[in-house]
1. For region A:323-341: of the residues being assigned to a loop (DSSP other than H, G, I, E, B) and of a type outside the set (S, T, N, Q), which is surrounded by the fewest Cβ atoms within 10 Å (Cβ to Cβ)?
2. Can you report the number of residues in region B:34-51 which are at the interface with chain A (Cβ under 9 Å from one of its Cβ atoms), under 15 Å from A:R17 (Cβ atoms) and free of Cβ contacts under 8 Å to residues at least 40 places away in the same chain?
3. Output yes when any residue across region A:12-30 is over 21 Å from B:S42 (Cα atoms) and either in the same structural domain as A:G134 (by TED's automatic domain parsing) or of a type in the set (S, T, N, Q) (or both), and no when none is.
4. Would you mind telling me which numbered condition in (1) surrounded by fewer than 17 Cβ atoms within 10 Å (Cβ to Cβ); (2) within 12 Å of chain B (Cβ to nearest Cβ); (3) of a type in the set (G, A, S) A:A82 fails?
5. Any residue at all in region A:44-54 that is more than 33 Å from the chain's Cα centre (by Cα) and either facing chain B (nearest Cβ under 10 Å) or among the aliphatic types (A, V, I, L, M) (or both)?
6. So which residues in region A:342-375 are assigned to a loop (DSSP other than H, G, I, E, B) and surrounded by 12 or more Cβ atoms within 10 Å (Cβ to Cβ)?
7. Quickly run through region A:244-267 and pick out the residues that are farther than 17 Å from A:G218 by Cβ and either in contact with a Leu (Cβ under 7 Å, 6 or more places away or on another chain) or among the β-branched types (V, I, T) (or both).
Amino acid sequence: MKLTDSSAANVGLSVVRCIASSTTLFRHFMVYAATTISSVISGTVGLIKNGTGTLISTAVNTYTGGTTVNSGTLQIGNGTNATARVLGTTTLSGGNLAYNYNANNFAVNGSITLTATATITKLNGLRQINLQTGTLNGGSQTLNIFVDTTAGTAPLYFNGTAGTSLGQVNILNGGVGQDGTGGLPLRNAAINVSSGAQFRTYTSPTINNNITLNGGAGPDGNGALWNESVVAGHTPIYTGIITLATGTNSSVGNTTSAFSITGKITGAGSFTKVGTGILSTFSTLTVVNDYTGSTTISAGTLRVLKPFAITTPTASFTSTTLSVSFSSTLPSGTTNFQFFQGSTTNTYASVTLVSVPAGTTAVYTSATSTLTVIVP
Amino acid sequence: MIITPDENGWSYDDSTGNWKLVYSDKVIIFYEETNVSIATQSTLFVGTKDECEEEIIRVELNGIQNTHNDLNNT
């Protein structure tokens, strides 16, 4: 037998796409073209996947010998399965893992260990899956996550037990979530959210990751960061540094439940608040938001709280002029809009109003950072 | 039928429309209806599904259960 290239091997003169062998402990598959095993693999002999092709397992397997992916991809399910699985620990040591279910599967419970950079792919955008009870041992490795959004925007949640931390998480496409009821297996790692991708939460997790946002509002328009819960009191708290990539505009969204950012928002990018909920940002004495891009509130409320232990916080807006655009009809009479709990160094003797009734006037009071709008 | 190994001990099959059964001792390594060309230095049996199941019973193999017939529960 000789390996010919990355897509095949030769046995004699014959081109081979799958080589199967075994030891007493493992079945070994050298796969060069997509190969499906639909039968249930049972017993105590494990499975080792080599070769650049994809090995697809579509059964509810019961074997207990463990799984190692050294190259290529091991795919669980083929898009028609609801409960395909492998038990025990799947070790990604140069290979990748994919899930393709035809039903929402909230209880995928195998453990995953990384010993090298790996990619986890979730196919079928119509179905959400939760990696629920197994342990993710990241080993300080880099995990790339690709959530296919061709057919829909259903996310991939990592809710299992937290083992050793990952070093880096790259969300390449689609939505990736953490539920506060799980062990937050993605905790501690730096997270990079590609343009158009999304990091989302459910319940009230504390997200300690440093997160870089590269623009966009996620695959569903709800935000590059999104609290998807609609349960009052479900408030994620982001304690890490959120960096807005230069030249990008990233949305952060929530609806009936709140959203808190206690870490620093930094970078040369811009930021847009979307969704009807309240987003609160507040800082410590030594960590103050210093992002330099623009801030847009397209829906809901952005609440900038004063730094702890500071009685009279002061902000300095980067804009030399104040222009306020209203997306809803203002009532007649006087309406006050307080930007944050403190004063600003900017005074803005004149204010430009956009999309308001004729004759509307406004005064900005820097001492209270309040805009008073008077509609005739 | 069991595929006869070549002089180096490799059994090979690239037929289409057949079931392919690879086993070593009493353990099934691979059992699937597939058009993928497959090679092994273990035993390779190629045939219809019924022929493969007869082989599984004859040799008393275990380790993989066909999802429709629950062969050789272990």
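1. A:P331
2. Our first condition is that a residue be at the interface with chain A (Cβ under 9 Å from one of its Cβ atoms); within region B:34-51, this holds for B:34, B:36-42, B:44.
The next check asks that each one be under 15 Å from A:R17 (Cβ atoms); those that pass are B:34, B:36-40, B:44.
Filter once more, keeping what is free of Cβ contacts under 8 Å to residues at least 40 places away in the same chain: B:34, B:36-40.
Residues that pass the stated criteria total 6.
3. no
4. Among (1) surrounded by fewer than 17 Cβ atoms within 10 Å (Cβ to Cβ); (2) within 12 Å of chain B (Cβ to nearest Cβ); (3) of a type in the set (G, A, S), the lone unmet condition for A:A82 is (2).
5. For region A:44-54, residues more than 33 Å from the chain's Cα centre (by Cα) and either facing chain B (nearest Cβ under 10 Å) or among the aliphatic types (A, V, I, L, M) (or both): present.
6. Just the residues of region A:342-375 that are assigned to a loop (DSSP other than H, G, I, E, B), to begin with: A:342, A:345-350, A:355-360, A:366-369.
Listed by number, the residues that qualify are A:G342, A:N346, A:Y348, A:S355, A:V356, A:P357, A:T360, A:S366, A:T368, A:S369.
7. A:T246, A:T256, A:T262, A:I265, A:T266, A:G267
Rundown of residues vs (1) in contact with a Leu (Cβ under 9 Å, 6 or more places away or on another chain); (2) of a type in the set (A, V, I, L, M), yes/no style:
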position: A:I37; (1), (2): yes, yes
position: A:S71; (1), (2): no, no
position: A:A82; (1), (2): no, yes
position: A:V86; (1), (2): yes, yes
position: A:N109; (1), (2): yes, no
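The values are calculated or read from the model by the stated rules, or taken from the named source; none is laboratory data. Keep in mind that this is a model prediction, so the values were computed, not measured. Please note: Cβ atoms are built from the backbone with ideal geometry, for glycine as well, and neighbour counts cover all protein chains shown.
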